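These notes concern the structure reproduced below.
Every read-out reported here was derived from the displayed coordinates using simple, explicitly stated rules and does not represent laboratory data. Everything numeric in this text was worked out from a predicted model, so none of it was measured. Cβ placement follows ideal geometry from the backbone for every residue including glycine, while neighbour counts extend to all protein chains displayed.
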There are 2 protein chains.
Amino acid sequence: MAESTHFKMDLREIEFSLFEQFGLQTLFKNKLFSHISEEDARLILKEAHTFATEIIAPTYVPGDQEGCSLTPEGVRVPASLKAVWKQYYENGWNALTLPESLGGQGAPQTLGVAVAEMMSGANTAFSMYPGLSMGATSVIRAFGTPEQQELYCAKMENGTWGGTMVLTEPNAGSDVGMSLTKAVPAEEGSYSITGNKIFISGGDQDITENIIHLVLARIEGAPKGSRGLSLFIIPKVRVKPDGSLGEPNDVVCTNIEHKMGINASATAALAFGEKGKCRGWLVGGEPKAGAQPGEGIRKMFLMMNTARIGVAVQSVSIMSTAYLNALAYARTRLQGAHLSKGRPKEGAVPIIQHPDVRRMLLDMKARVEGARSLLLFTASLMDQERASGNGHGGEGYSSLFIPMAKAHTSDTAVQVSSMAMQVFGGAGYTRDFPAEQYLRDSRIFPIYEGTNGIQALDLVGRKLAQSGGALVNRFLEEQTAFLKSLGERKGWSEERSILHQAMERFGTVLGKFTMKGMTGDMESVAVAATPFQEAMSQLLVARLLGHAALIAQDALAGPAKGTQDEAFYQGKVASARYYLRNIVPHAAASLDAISGEDRSAMDIPDAGFSLAF
Amino acid sequence: MAESTHFKMDLREIEFSLFEQFGLQTLFKNKLFSHISEEDARLILKEAHTFATEIIAPTYVPGDQEGCSLTPEGVRVPASLKAVWKQYYENGWNALTLPESLGGQGAPQTLGVAVAEMMSGANTAFSMYPGLSMGATSVIRAFGTPEQQELYCAKMENGTWGGTMVLTEPNAGSDVGMSLTKAVPAEEGSYSITGNKIFISGGDQDITENIIHLVLARIEGAPKGSRGLSLFIIPKVRVKPDGSLGEPNDVVCTNIEHKMGINASATAALAFGEKGKCRGWLVGGEPKAGAQPGEGIRKMFLMMNTARIGVAVQSVSIMSTAYLNALAYARTRLQGAHLSKGRPKEGAVPIIQHPDVRRMLLDMKARVEGARSLLLFTASLMDQERASGNGHGGEGYSSLFIPMAKAHTSDTAVQVSSMAMQVFGGAGYTRDFPAEQYLRDSRIFPIYEGTNGIQALDLVGRKLAQSGGALVNRFLEEQTAFLKSLGERKGWSEERSILHQAMERFGTVLGKFTMKGMTGDMESVAVAATPFQEAMSQLLVARLLGHAALIAQDALAGPAKGTQDEAFYQGKVASARYYLRNIVPHAAASLDAISGEDRSAMDIPDAGFSLAF
């Protein structure tokens, strides 16, 4: 059995990203966050690390083994999670990013994300319960009536109740507009809800005495498609006006999924209103006269964006601990002779000395740091937009990066978990080490909260054109500015040239996409969406890693000289150099292939995929 | 639960490869195989398909769920496997490639591999028991004394006994030369064996009444390292001279691994001689005076090469059924609107109509067909070498491709299984569909029978230089000849140019490797071994797919015109075009990166990977 201390996190890495690269301390000068100091933030990170390691991490392996079960009384989750949930809320971890006015600490998203990475790295299945609950609460806070906020939010924020996000139906997965769940006006402004939902994370559990579901349903007579959907608050147990629990609300868990991983997270099928007794309340009450249709899905999008960032957090957290576990193993596992120095007297060298193992370790290191920077870059943009009052209703610069943050980090999580297992060799395939659980757990990340294919289509189909292309133009300017600063440094000419050429190809593809959009040839854009997303993410990551390397070189030339930190900064330079020289050429190759406008996937006749099936 | 008919195989594909591309029928003209006709071969394929589908496939999901267990009487495997084993041998499937003189059908390896693909695709964990047993038998047949062959082989060949391959120890995995298992001369030419081995597939089971282990051990006083190892026959139960079973041979299963997948395959830890009563016999008897050391490992290599081809078979089998399952799902799952035609009256279109799904399907199709061609190409070379008497003691042209057949197909199996899950979306993450089992099962392939890192080092460190570079020169000539034939076709100029440029880069890297070898800078070669193996495999696969496409175009211009087969051949053209335009640019990118001689993985200080772990 994997030891309970599987969770590994290098705090130095997080601190570098937050304070040396993304300038979190500058944000603390804004009046929104001025009650927090850099010292506070560092202390919070340290405490989160301790909490994640000591309280959450021991539940990771047992939670997977025990899993969830469906009993006549509902879903049972691993008992250990209940104790962790309690401490998580009591210690105020949920309140970190809540506004001070609601009793929270009012910390910026960037710090929240860094803390969440630790919680999720310790047990990603556990972290989904508070994470989704937080997401549901924030929707009610943003769009609910004052009464709804008072009735539901405080108890969700202090962990008395949980919350969920309820979209998927058997025939409405990616295609949420096909939802059949119905809402019919009932007594006192409520709606009678009937329908079946599936794949609801935390849809039932025995951790909290009540669960507040946010459910998409169609009011009788509303238009077809996603624009006809409305968003309802549907508590598992009805809540009386005084906040106490009333009768059950006819929400029944009919099944839980048996999955490849995240087994401690209950994935529930829910039947609403089988007895006609399920009542829901419109988030925000009845829409004003003349309100546009589609407000339900718009509200849910706030939660979906939060959830997508949440998946990025999960992804970075798993790949990071997977990498560090592989590293720790590579330092101690003795096998084989040194390529040039031969065998030591112990008989064999630690495998970290083998070139192919070093290549895997540096590949993982660069990808982990790259994914983390992409996530923290996005989160810090969100904070800046909030601090400057320029959120643009979810259409700010940060919104360009949400599909990449979700898709790139989740693909990378699977890739790194798999490579971590490769470093462990045969041992990694057994349950004696955490690598196999990391791979099983992470494999859902590219799927849920919008598949990575959907993310890519969101990027090329909406985000590139958003605000008249202003977002992608700013991206291009920033990339160009970075190339310039790289050109001013010694020793980076090869790397600069590789990135420069890749960016030229990126520009060519952007131009082609624009032309295709104008001529209405969306097929050619859609078929290239995923490789485009991958390439664009890699180009951004290359810049962020390169930026980190320049900071590291400054430190090496100055304050870090001769200190223990030298190796840390040399590692930063190595990550960037490796990524620019070994990964960016693949981004360029993908962009070349896109430019070639290969139509084979569209032209192949359906029967040509196989005549047999 | 996944339906028992999860196993999907398109026989038309296999037949194309064997008869239209690799010319199996030509081989039947050689006297070694002249007793078999093309008609026989097609019938055998059909029967294998039926056997795999009806007899083996139903055990796949239950075998995974039941798994293996260790009891005081030894290992229990899923009961269903015992019945399948019996029928497998009774129906003569093990005898397919056995020489006629031994009661077999004497079929070529190429046909054997195609049949094995079906057996493994139906239940890859099951297929390991007869596969490894066959490997052990062939070593005794090749190197054993006539008495050993008589005593052991017939009963292994008819399935009365099983056989295994026993190398790994806790501290001797990839580094087999570190083995501590000892052999001390004992009575009547036997050796007393003591030692502990791990990760032994089929190391204990309750399918057969006896298990014949082939075990690497060091005779007292023999040199250190792999050259001092000898190969022993160690039956689980001793065999009397008349072939009947005697007393137990002090071989005890002390543990079985709990793994991510292939749960129906027992992975045993074995203790030899804990009571001093384990006896082993040297394969082939006492070495002749003046024999070179290292004969034990050389004999084991015959089995390892077979096992590596076996992993390639497993890999192709899993990726093929994973792809076809995803395809079948994509044809029936309705979600979303058609990009240009909008929604049909059923409300949604089959997801195969979405460009991003088509891209995934064609990507998988091309990779599956490419991996299968690489495998069958290698197997047909082995047959040709055998038929012409030019086996070169395992150093023939085919030996260049064994590391690629093992590494490329196994990496691709994981990749395709994972992509197949992506096509299923959330459903693919549940145990209701086989995608997650395919991914769990296939993840061991890049690890066992020599990790893919080891394969890459074998390729660059041994095979490239073998016979003075003659093997790689022949490869270069064949690639060049293909480029020429592609150049003579209309409509392939873009693809030809992409492959041509990639081959130029390949030549550059080969030249650099030669220089490095001469200057003794093996680190620079070793750190690039894996990306080189990937690129070289992709270049070969591109050629094989391209060759198939040209054959398909000939058929489209002639016999297939207007028949149902048109779509099949159009599919072949699409696979090649997609691969050449979308994958080969990545091979070129990797080769460019190798040429750039990035040393960051070697230069980063060990502490730079992380100061915390």
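Centre-to-centre, using Cα atoms only, region B:412-478 and region B:499-567 are separated by 16 Å. Charge tally for B:F568 (other residues, Cβ to Cβ under 11 Å; Lys, Arg +1; Asp, Glu -1): -4. Antiparallel beta bridges, as assigned by DSSP with both residues in chain B, represent about 80 percent of the total such bridges. Two tests apply to each whole DSSP H helix in chain A, Cα reach of 15 Å or more along its axis and mean Kyte-Doolittle hydropathy of at least -0.5, and the ones passing both are A:109-122, A:124-143, A:295-332, A:355-387, A:402-424, A:466-487, A:493-519, A:529-557, A:584-595. Summary value for chain B: 13 percent relative contact order, contacts being C-alpha pairs under 8 angstrom separated by 6+ residues. Taking every lysine pair in region B:149-250 that is 8 or more places apart or spans two chains, those with Cα atoms closer than 23 Å amount to 7. What residues of region A:282-300 lie in the reach of a label at A:S101, counting those whose backbone N is under 20 Å from a point 7 Å from the Cα along Cα→Cβ? Answer for region A:282-300: A:284-285. When the charge dipole of region A:451-602 is built from unit charges on Cβ atoms (+1 for Lys and Arg, -1 for Asp and Glu) and taken about the Cα centre, the candidate among A:L457, A:A481, A:A560 whose Cα reaches farthest toward its positive end is A:A560.
If R0 is 41 Å, what FRET efficiency do you get for B:S485 and B:E54 from their C-beta distance, rounded to 0.05? For R0 = 41 Å, the calculated efficiency reads 0.45. Within the protein assembly as shown, antiparallel bridges make up roughly 80 percent of the DSSP beta bridges whose residues both belong there. Using only Cα coordinates, the Kirkwood hydrodynamic radius of the protein assembly as shown works out to 31.7 Å.
For region B:451-603, relative contact order (Cα pairs under 8 Å, six or more residues apart, normalised by length) works out to 32 percent.
Across the copies of the chain, A:R343 has label points (7 Å from Cα along Cα→Cβ) spaced 7.0 nm apart, shortest distance listed first.
Applying 1/(1 + (r/R0)^6) with R0 = 51 Å to the Cβ-Cβ distance of A:E220 and A:A612 gives a FRET efficiency near 0.65. The trypsin sites (Lys or Arg not before Pro) of region B:5-94 that meet both conditions, a loop assignment by DSSP and at most 11 other Cβ atoms within 10 Å of the site Cβ, are B:K29, B:K31. Set the Förster radius R0 to 41 Å, insert the Cβ-Cβ distance between A:E38 and A:D206 as r into 1/(1 + (r/R0)^6), and round the FRET efficiency to 0.05. E between A:E38 and A:D206, to the nearest 0.05, is 0.50.
The packing ranking, built from the mean of other Cβ atoms within 10 Å per residue, places the peptides B:62-75, B:356-369 in the order B:356-369, B:62-75, highest first. Other protein chain C-beta atoms within 10 Å of residue C-beta, averaged over B:568-578: 5. Among the chymotrypsin sites (Phe, Trp or Tyr not before Pro) in region A:285-338, none is located in a DSSP loop while being surrounded by at most 14 other Cβ atoms within 10 Å of its own Cβ. For region A:451-602, a crude dipole built from +1 on the beta carbon of Lys and Arg and -1 on the beta carbon of Asp and Glu, taken about the Cα centre, is about 220 debye to the nearest 20. Per-residue Cβ neighbour counts within 10 Å put A:E117, B:E100 in the sequence B:E100, A:E117, beginning with the fewest. Averaging sequence separations of C-alpha pairs under 8 Å and six or more residues apart, then dividing by the length of region B:201-289, give the relative contact order as a whole percent. Result for region B:201-289 is 29 percent. Can you list the residues of region A:570-613 with backbone N under 20 Å from a point 7 Å past the Cα of A:M518, pointing along Cα to Cβ? The answer is A:595-597.
Here, region A:304-433 is characterised by an Rg to Rh ratio of 1.17, where Rg is the alpha-carbon radius of gyration and Rh the Kirkwood radius.
The magnitude of the dipole of region A:179-304, with charges of +1 and -1 set on the Cβ of Lys/Arg and Asp/Glu and taken from the Cα centre, is near 480 debye. When every alpha-carbon pair in region B:451-603 is counted, what percent end up more than 25 Å apart? Value for region B:451-603: 36 percent of Cα pairs lie more than 25 Å apart. The mean count of C-beta atoms from other chains within 10 Å of the C-beta of residues in B:350-356, rounded to a whole number, is 6.
Between copies, A:K288 shows label-point distances of 10.0 nm, shortest first, with the point placed 7 angstrom from Cα along Cα to C-beta. Averaging 1/r over each pair of different alpha-carbon atoms in chain A and inverting the result gives 25.5 Å, the Kirkwood hydrodynamic radius. Available extension along the chain between A:K561 and A:E73 is 169.4 nm, counting 0.36 nm per residue and deducting the alpha carbon span.
The two copies B and A are related by a rotation, and the chain B beta carbon nearest its axis, with distance in whole angstrom, is B:A589, 2. Applying the criteria of a DSSP loop state and at most 11 other Cβ atoms within 10 Å to the GluC sites (Glu not before Pro) of region A:159-241 yields A:E220.
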